[in-house]
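Following: one structure in structure tokens, then a few remarks.
The values are calculated or read from the model by the stated rules, or taken from the named source; none is laboratory data. Worth saying up front: this structure is predicted, and the values here are computed from it rather than measured. With ideal geometry, Cβ positions are generated from the backbone for all residues, glycine too; neighbour counts draw on all protein chains shown.
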Amino acid sequence: MKAAIYARISTNNRQQSPQMQMREIRQFCKARGWKVTGEYIDEGISGAKDSRPELNRLMHDAHRRRFDAVAVWKFDRFARSVSHLLRALETFNALGISFVSLSESIDTSTPAGKMVFTVLGAVAELERSLIAERVRAGLRNAKAKGVHLGRPRVAVDATEIDRLRLAGASWRAVGRALGISHATALYCYKSICRARV
């Protein structure tokens, strides 16, 4: 089985080194009989960032099926949040790639690890549903209070659009002259034409 190793440290100073993480992950892979085919190390990059050079390269290589498993030392070295972790795990699952976190003893190549992933996925789905329900409730409340939702309405002088178009102005020129987008000017013009018919 081919494995990829990912490690991250937050700072570039001499007090932190990714080698401790890498050594333990390499030993784990060796004990499992996995061949390490790629090592991805982000140094001096905050875990709060979704986009990290080596993590991006790892995800790119995952889509190219360059390995069968990804091993990390700890969840927080890999993902910035639970939702970020679950998105990555869902991607790996869809690609048939196992995920191992040494510190949390999670291994999705085992039945117990698959069960933990399923539970985490169910919790994430519940969280998404609760957030969606809160948003819908907030929108209903705003409507009940008479709050206008969506983009603010723009007052458009239809006769001015008509005059500018008859003078040969382009849609972009009409939009600039009226302080609206050319798409809005065109939409209003079509509305004028329909009203005249």
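Among G33, G44, which is the only one that is at pLDDT 90 or above and loosely packed, with under 14 Cβ neighbours inside 10 Å?
Exactly one residue qualifies, and that residue is G33.
Cβ-Cβ below 7 Å, separation at least six or inter-chain, first residue in region 137-163 and within 26 Å of C188 (Cα to Cα), second assigned to a loop (DSSP other than H, G, I, E, B): which pairs?
What qualifies is V154/I180; V156/I180.
Surrounded by fewer than 16 Cβ atoms within 10 Å (Cβ to Cβ), touching a helix residue (DSSP H, G or I) at 6+ places or on another chain (Cβ under 8 Å) and modelled with pLDDT under 85, is that true of V197?
Values: surrounded by fewer than 16 Cβ atoms within 10 Å (Cβ to Cβ): yes; touching a helix residue (DSSP H, G or I) at 6+ places or on another chain (Cβ under 8 Å): no; modelled with pLDDT under 85: yes.
No, not satisfied.
Does at least one position in region 164-176 carry a residue that is among the hydrophobic types (A, V, I, L, M, F, W, C), in a helix (DSSP H, G or I), within 30 Å of S83 (Cα to Cα) and outside the structural domain of F99 (by TED's automatic domain parsing)?
no
(1) exposed (fewer than 15 other Cβ atoms within 10 Å of the Cβ); (2) within 18 Å of D61 (Cα to Cα); (3) of a type in the set (G, A, S): which one isn't true of S98, the others all being true?
(1)
List the residue pairs whose Cβ atoms are under 7 Å apart, where the first residue sits in region 88-114 and is not assigned by TED's automatic domain parsing to the domain that holds I25, the second is surrounded by 14 or more Cβ atoms within 10 Å (Cβ to Cβ) and among the acidic types (D, E), and the two are 6 or more positions apart or on different chains.
Matching pairs, first to second residue: G113/D107.
Tell me, which helices (runs of 4 or more DSSP H) lie completely within region 44-115 with 2 or more residues that are over 13 Å from R8 (Cβ atoms)?
Because the criterion is at least 2 residues that are over 13 Å from R8 (Cβ atoms), the helices (runs of 4 or more DSSP H) in region 44-115 that meet it are 53-63, 82-95.
Only one residue in R134, R153 is assigned to a helix (DSSP H, G or I) and exposed (fewer than 11 other Cβ atoms within 10 Å of the Cβ). Which one?
R134
Keeping to region 107-143, report how many residues are closer than 22 Å to R65 by Cβ and of a type in the set (V, I, T).
The total comes to 2.
Scan region 121-163 residue by residue and report those that are touching a Leu at 6+ places or on another chain (Cβ under 7 Å) and closer than 19 Å to L86 by Cβ.
G121, A124, listed by residue number.
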